[in-house]
Each structure stands twice: as C-alpha cells, then as structure tokens.
Amino acid sequence: MLASMRRFTIWILLLIAVGLEQTAIANPVPSPGFLVIAPDREYLGNEEIKVAWAEFRQAHLTRLVLISMVEDFQREVQAKLQSAVAEMQGEGATEIVLIPLVLSEADPHLKKARDLLASAKIRIAPVLGGDPLAGQILEDRVRALSKEASQERLVVIGFGATSQEEAEAMKRDLERLATEVRETLHLADTSIAIFYHGQTPDSVRDHGNRLAETTILTSIEKTDLRTLVVPFHLGHKHTGSMRLSRKIESLLRENSVAYDGREILPDPLVARWLRKAASPRLAIRKEELGIIVMTHGAGEYYNEPILKAVEPLRKRHNIEVAFGMADDETLQAAIDKLEARGARRIHVLRLYTISRSLKADTEFVLALANTRGAMSHSHSGKGGSSRVRSGGLLSTSGGFDDHPLIAEVLLQRVLEVSQDPDRETVILLAHGAGKDEDNRFWIEQMTQQAEFIRAKAPRKFRAIKVATVREDWPEKREHAVAEVRKMIEEARRDGGRALVISNRIVGTGPYRKLLSGLDYTLNDRGIATHPNLTRWLEEQIEQWSGSLTLQN
C-alpha cells in the first residue's frame, strides 16, 4: 500500500513538472530578435566583426548580416536579410531590432539595409558612432599615441562614403567624436579626412580621395605640432597586405607622424556596445540591476563607517562602492564587477550632502551629458579624466538635501551634546561650495534641516543657525570662517553655549583647525555611523528600481 502511494505521488509530481514545462514553452518570455548589420570588410575584417558578435550571440536571439556594396551581390544580401528576419520570427521574436554596426547614420551600408528591408516591420537602434563608447574607443587610440597632448594635432581618418553628401555627414559625426576627445585630453587641434568606398563612381571617388589625402598631408606639413594619425573606420581588410591601412601607411611613409594602424576593431568595447544597444528592448529582471554608491572617501577610518552602512544592503542588492569624486577609474572598477555579476542597468547613487555635488561631473563620466561640470572641489582629480566603458544602461541620482532621515540624524547629534537648550545656540556646519549659487543652495537645505530640528526637539533652543566654511576655496573660506567664528562668539554671550554639529558624512574635516581658540562644543560623529544612512540608501535604491518596469 505504501509503495503504491509513493508511486502515485511520484506520478503526480511528474505530471505537474511536465505541465509547468509545457506552460513555460507555451508562454516564453517575450524577446526581440536583433539583426546586426555591418559592412562586408572582406576576410580579416569580417572575422573581426564575427568575433565581436559571437559574444553577443551567446545571450541574445540574433543574426549577423554583412552588407556588400558590390552590385553583383544585391540579391544575396537581400536574401540574407530576409532570411535572418524570418528565422528570428520563427523562433518567437516579438519584434525585429536592427543594430547598425556603423559609425554614421549616413553610412551607405545602413542605407542599403534599410532599402532592402523596406517592406519589413523593424525598429532601428542608434549607430555605434552615436554612442559614447565609440568616443571612448577613439580616446583609447589617441592615448596610445599621445605624449604631450597640448602640443599635438589629431587627424582622424574615416571611410565608406559613396557621395559627397555622405562624406560631409560622416565627417560631421567624426568631428563630434574627435572634439570630445580633444576636450578630454586637451589636444591642440583636430582634423578629419574621409576616404570613399570602392563602389563609388570613379570621378566622385578620385576627387574625394584626393581631398582626404590633401587634408592629411596639410596637417602633417604644419610643423608647429606633433601629428597623431588614427584610422577610425570599418574599411576593407582582406589580408595583411590587402587592406585600407596599407594605403594610409604608404601615404605617411615619408612623413614623421605618430601612427600605429589600429582601427576600431578589434576592441572589446564593440561587444559591450552591442549589449548596450539591445538592453532598452529587453525586459529587466531585478537580479540584472546594479547599484554603485559613490562617495568621497578617504583613509581606512573614514571609509569604514560608510562600508558598514552599505553592508546590510548587499543581501538584497547587487551593490558596489566607488570612492572618489566622479573618478572614472574607481567607477569603472565598480561597473566591471557589477557587469560580471549580470548587471545590465546600473545606477550610481551619489552619497553627498547636497544633490548638486558632483552631479554634472558624474553625468559626464557616465556619458549621460556631453559637457563636464566645474567640479565642486578644487582637489577634483585629473582634468583629463575619461568616461567609463559600460555595456549597461547607466543613470545617477543622490545627495541628501533636506531629507528627513538625515535631519533626524542631525537632531540626534544635537541632543547628544545638549545640556541646557535655553542657553544653547546650535550651529549646523557644512563643507560648502565654491560657486555662490551652489553655496546658497546648500544653506537653503540646511535651513530646512534646522526647521526640522526646531520642530522636533523636545525643548526649544536659544537659536539654531546654519553655515558653511567653503573650505577648498581660500579666497572665500576666509570670510566664511570669520562668519562662523562670529556666530560662536555671539553664542557665548550672557552665559550661552555654542554647539557645533558636523553636517558631514564622516568626521569634521578641518573644523577644529579653522575654529581653534574658540570655546564651543563639537559633535564630530557625522552622519555615516547612524542607521538612517542605510535607510536612506535603501529608500533611494527602491525609488530607482521602482521607476523601472521589471520582469517577474
């Protein structure tokens, strides 16, 4: 009897398992099909494209079609495109997204693919050249050649135009990338040369190529600057001797330039870009979210309470800490760790006192903005800082401002040192900003915190004041510190007592030195040691993840 019951139970469990499997098959998670198109570069060049695509293929429903501009192969190219679309639809693709591995919307390979797929319902993702990762590849090529950027001229060589209109549009796109690199590295000058595709009418091609050669040679002949030449294209590359770079090398042979022949491929950032291009079309699971807590940091004992505040969150989130102020190196290290653990959307949570701190600089380094900020601190790191390299979708937010959880911490810090509120003046003291506008914003946020303390304190204080010392800007620090010292001296009158509360993440910075010789009580504990910091971090993470549409 017992054996029969066991067999019956096993049979029921098998039926349930089969039913669940059939349900999963009948209701697969909707997924787009990604049609990656790229120029037919001939043998070696095509192998480089296939290597970049192979990694993408492991995790996505995708096909790769190489677009030949040779008229003889028009039917073959069209057949491959149509077949790729049909195959992915047959495998359950909910939509077809064309990912163009080209540098410009004006590229003739993309135009041809569009024309041949005119009857198909497809979405077209932005081109590689429109993504910050393209600029980062170019930046890497320039850094490898550069010695003293301010004394150097960059010549970027493009390829692939079949008309003057295409050449002009492709030149504008390369100029945008080159300008970003010039501003990042502080190069003296840039120029762009565009070579034409072999399938261009002879007269147009010959005229365009002569113009490109003249541009290159004219730049080289200017002896006032060292010349860096970077071939930045997906031109033909059949064998070691049959490739576009041979033509460029012969042109440069009699001239003294910095040139190593490295093109766009091979480069791992291309594979990252493919993942990034696909991500907006894919459903996101919670386990694919990543969070970076970015904060100033310092030595071991400064960083320790911050890491302790973050530690409880590691059980529920894929999270890393990046110390520094929008530092591309520490952010990159954190991004690499998160992506290695499967993150496809990454949010940088700025752990600073106000929301304006490092906002513009963080957005620039994350390639969310085209211009960098003025940096909120004088010790803001290298001026030529780069952008991060990520295949994920990045975002950022942060800064306490007048958040009630942080105001609660400041209230507790006040009560920890208070003895007789009737004769005590509370002074909330913060770092401050260099720009007057930013410093006023800081004061406004602390004024709201002071109102919170005034409303929630069990007894009324003699006064509650707020101030900043603007510590990294000597020309403004002197006046700011003088005002704080005056506040303390006034608080001491008539038997009064001054309570200085450090409104900082950790510690007090230079407050003791700046206020030396005065009689006051200092609470130096800062914010990080209070459990509300963990609560604030959790709240910010939940707000961000709650704004996304996540797959169950």
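The values are calculated or read from the model by the stated rules, or taken from the named source; none is laboratory data. None of these values were measured; they are calculated from a predicted model. When we count neighbours, we look across all protein chains shown, and the Cβ atoms used for this are built from the backbone with ideal geometry, even at glycine.
Side notes on the structure shown:
- Those residues of the range 205-219 which are of a type outside the set (D, E, K, R) and loosely packed, with under 15 Cβ neighbours inside 10 Å, in sequence order: H207, T214, T218
- Being in contact with a Leu (Cβ under 7 Å, 6 or more places away or on another chain), in contact (Cβ under 8 Å) with a residue 40 or more places away in the chain and surrounded by fewer than 20 Cβ atoms within 10 Å (Cβ to Cβ) is a property that T521 has.
- In the range 505-518, the residues that are under 37 Å from the mean Cα position of the chain (by Cα), surrounded by fewer than 21 Cβ atoms within 10 Å (Cβ to Cβ) and hydrophobic (A, V, I, L, M, F, W, C): none
- So T239, is it closer than 25 Å to R41 by Cα, outside the structural domain of A106 (by TED's automatic domain parsing) and assigned to a helix (DSSP H, G or I): no
- Checked against (1) of a type in the set (A, V, I, L, M, F, W, C); (2) farther than 22 Å from R262 by Cβ; (3) assigned by TED's automatic domain parsing to the domain that holds K247; (4) surrounded by 18 or more Cβ atoms within 10 Å (Cβ to Cβ), L116 passes all but condition (3).
- Candidate set: the range 410-440, residues that are among the small types (G, A, S) and not in a strand (DSSP E or B); chosen: the one surrounded by the most Cβ atoms within 10 Å (Cβ to Cβ): A433
- V85 farther than 25 Å from I194 by Cβ, aliphatic (A, V, I, L, M), touching a Pro at 6+ places or on another chain (Cβ under 7 Å) and touching a residue at least 24 places away in the same chain (Cβ under 8 Å): no
- Any hit, the range 190-202, residues being closer than 15 Å to V257 by Cβ and more than 31 Å from the chain's Cα centre (by Cα): no
- Subset of the range 512-549 (residues that are modelled with pLDDT of 95 or more, out of contact with any helix residue (DSSP H, G or I) (no Cβ under 9 Å at 6 or more places or on another chain) and over 21 Å from E300 (Cβ atoms)): K513, S516, Q540, E542, Q543, W544
- Answer from E105, E175 - the residue that is outside any helix (DSSP H, G or I), surrounded by fewer than 20 Cβ atoms within 10 Å (Cβ to Cβ) and modelled with pLDDT of 95 or more: E105
- Residue match in the range 304-316 (condition: part of a strand (DSSP E or B) and buried (at least 17 other Cβ atoms within 10 Å of the Cβ)): no
- Meets criteria (among the small types (G, A, S), surrounded by fewer than 21 Cβ atoms within 10 Å (Cβ to Cβ), outside any helix (DSSP H, G or I) and modelled with pLDDT of 95 or more) for S380: no
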